[in-house]
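Before any comments, here is the structure.
The values are calculated or read from the model by the stated rules, or taken from the named source; none is laboratory data. Predicted, not measured: the structure shown is a model, and the values here were computed from it. All Cβ positions, glycine included, derive from the backbone under ideal geometry; neighbour counts span all protein chains shown.
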Amino acid sequence: MAPTIDTVLPPLVLGTATFNHQYNHNPENLGADAIIKKAFELGIHAFDTSPYYGPSEIILGQALANSGVKRDTYFLTTKCGRIAAEEFNYTPAWVRKSIDRSLERLKTDYLDLVFAHDVEFVTYEDVLAAVTTLRELRDQGKIRYVGISGYPVETLAEYAERILEDTKEPLDSVMSYANYTLQSTKLGDVVERFVKAGVKVVQNASPLGMGLLRQQGVPVGAMGDFHPAPEGLRQACKDAAEAVQEKGERLEKVALRWTIEDWGRNGAVVGVQDGDKKRGVSVAGCSSEKELEELIEVWKEVMEGKTEVLQELRNLGDLVIEKMGKTWKDYEWASPGEGYVYKKPEEI
Ligand SMILES: NC(=O)c1ccc[n+]([C@@H]2O[C@H](COP(=O)([O-])OP(=O)(O)OC[C@H]3O[C@@H](n4cnc5c(N)ncnc54)[C@H](OP(=O)(O)O)[C@@H]3O)[C@@H](O)[C@H]2O)c1
C-alpha cells in the first residue's frame, strides 16, 4: 500500500505557471535551470506544473534533468484536461494521451500527483470520468495520487463530496488558488467539508492571488493582461501596497508571510506532516532566483515563529485587509467568466 499523500508531500511547493507566456514575455529565457537548482539548494522538493501552462512542463522537465537530482527525492505534480482558456477535454482517451505526454516532457516514468485541471469549467460527469481514468493509470503505476483543482471553493468542495459518494474513495488532494490570501479567505469556510469528504491534502496555491498582491501590480506577459481581478480590486491592492510601503515593507512580502503562516495553521487539518506537526501546504510561483530567495526568507521567518516578526506581519496584514474594505475582502471573480459556453469535446 502506498503511503498517504500527507506523509510524502512537502509543505512548500514551487509552482511553475510562471514558466509560461501568461506571466512572462520569454519563459524560455527565465533561467529555469538556475531557478530549479537554487530551489533544491534552498530545500524545495516539490514542483507543480500543467500542460495548460504553455512550455512549462518542457522547461521544468529539462531543468529537473539538468539538475542531476534523483527523481525519487522530489514530488512532481501536473494536471490534465485543460487545453486552452476555453478548451477542455476530460475524456478517458485524452487523459491517457495527456499523461503519456507529461511523462515524456517531464522525463520521468511516474507522476506523483495529477489534478483534473479547473473543474468548474466542465460537468461533474466529466470530472468523475477523468478521476476514474487517472485512478486506472495510478493502478498501472504511472501516477501515485489523484486530485482536482479549480477556483470556486464551493464547487471544489461539492465535487470532492460527490466523488467520495459515487466512488467510495476520497480524492487524495484538492488544489485551490487565490482563495486563502490577504484578499480572500473563502477556502477557510469549506475546510470542514473537505475533511468530511476524506480529502487528505488541500493545497493553497497563489498566495499572492496570481501576482495581484504585490507592489508592482498584476503580471503581464506575452499573452497580455490575463488577470481576472476587476479595476476596483486592483485599485484596492494598489492602495494597500502604498500603505505598506509607507511602513517600510513591500506588499508581496507581507502577503506571502501572512498566507504561509495563516494557512500553515488553519489549513493544518488538511495539511501534511511536517516534523511532529501538521501544516497547511502553500504553492507559490516565482520567475527568478531573487523571488525564490525572498520566498524562502519569508518561509524561514514563519517557521522560526519569532513573536516580533509575527506581530509585525499581523499588523501589516490587518492594514492590507482594511484597504480591501467590505467590497473586495472575500470578493470572488466569476470562473468561468461571463460568456463562457462549455463545448463537450469529441471523443478522440
Ligand atoms: N487552476 C490551478 O490549478 C492553479 C491556478 C493558479 C495557480 N496554480 C499553481 O500554483 C502556483 C502558484 O500560483 P501563482 O504563480 O499564481 O502564485 P503567486 O505567488 O500568487 O503569484 C505569482 C506571481 O507573483 C509574482 N511574484 C512572486 N514572488 C514575488 C516577489 N517576491 N516579488 C514580486 N513578485 C513576486 C511573480 O512574479 P513575476 O512577475 O516575476 O512572474 C508572479 O507574477 C502556480 O505556479 C501553479 O503551479 C494552479
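Summary of computed values
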| quantity | calculated |
| --- | --- |
| Condition met for residue 322 (at pLDDT 95 or above, within 14 Å of the ligand (Cβ to nearest atom) and among the charged types (D, E, K, R)) | no |
| Residue 303, sole failed condition from (1) of a type in the set (A, V, I, L, M); (2) within 16 Å of the ligand (Cβ to nearest atom); (3) within 26 Å of residue 17 (Cα to Cα); (4) free of Cβ contacts under 8 Å to residues at least 60 places away in the same chain | (2) |
| Where residue 224 falls short, out of the listed (1) more than 17 Å from residue 16 (Cα to Cα); (2) within 12 Å of the ligand (Cβ to nearest atom) | (2) |
| Pairs with Cβ under 7 Å, 6+ apart, first in the stretch 248-260 and under 16 Å from residue 307 (Cα atoms), second among the small types (Gly, Ala, Ser) and away from the ligand (no atom under 11 Å from the Cβ) | 254/317; 258/317 |
| Counted residues, the stretch 193-216 - those being out of contact with any Cys (no Cβ under 7 Å at 6 or more places or on another chain) and farther than 25 Å from residue 144 by Cα | 8 |
| Identity of the residue in the stretch 212-221, of a type outside the set (Gly, Ala, Ser) and farther than 14 Å from residue 178 by Cα, that ends up nearest to the ligand (Cβ to nearest atom) | 219 |
| Selected residue [closer than 30 Å to residue 40 by Cβ and surrounded by 16 or more Cβ atoms within 10 Å (Cβ to Cβ)] from 121, 115 | 115 |
| Evaluation of residue 100 against (1) within 14 Å of the ligand (Cβ to nearest atom); (2) in a helix (DSSP H, G or I); (3) without any contact (Cβ under 8 Å) to a residue 60 or more places away in the chain (one fails), failing number | (1) |
| Failed criterion for residue 240 (all others in (1) surrounded by fewer than 23 Cβ atoms within 10 Å (Cβ to Cβ); (2) within 15 Å of the ligand (Cβ to nearest atom); (3) farther than 19 Å from residue 204 by Cβ hold) | (1) |
| Matching option when the condition is among the hydroxyl-bearing types (Ser, Thr, Tyr) and within 21 Å of the chain's Cα centre (by Cα), among 133, 78 | 78 |
| Residues satisfying the stated conditions in the stretch 58-94, i.e. at positive phi and buried (at least 21 other Cβ atoms within 10 Å of the Cβ) | 81 |
| Qualifying residue in the stretch 96-107 (condition: at positive phi and among the charged types (D, E, K, R)) | yes |
| In the stretch 93-138, the residues that are touching a strand residue (DSSP E or B) at 6+ places or on another chain (Cβ under 7 Å) and acidic (Asp, Glu) | 112, 118, 120 |
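Results for (1) within 12 Å of the ligand (Cβ to nearest atom); (2) of a type in the set (Val, Ile, Thr); (3) surrounded by 15 or more Cβ atoms within 10 Å (Cβ to Cβ), shown as yes or no for each residue.
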residue	(1), (2), (3)
179	yes, no, yes
200	no, no, yes
230	no, no, no
251	yes, no, yes
258	no, no, yes
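Listed here are the residues, each with its yes/no results for (1) assigned to a helix (DSSP H, G or I); (2) under 17 Å from residue 283 (Cα atoms); (3) more than 13 Å from the ligand (Cβ to nearest atom); (4) in contact (Cβ under 8 Å) with a residue 24 or more places away in the chain.
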| site | (1), (2), (3), (4) |
| --- | --- |
| 38 | yes, yes, yes, yes |
| 43 | no, yes, yes, yes |
| 61 | yes, no, yes, yes |
| 64 | yes, no, yes, yes |
| 69 | no, no, yes, yes |
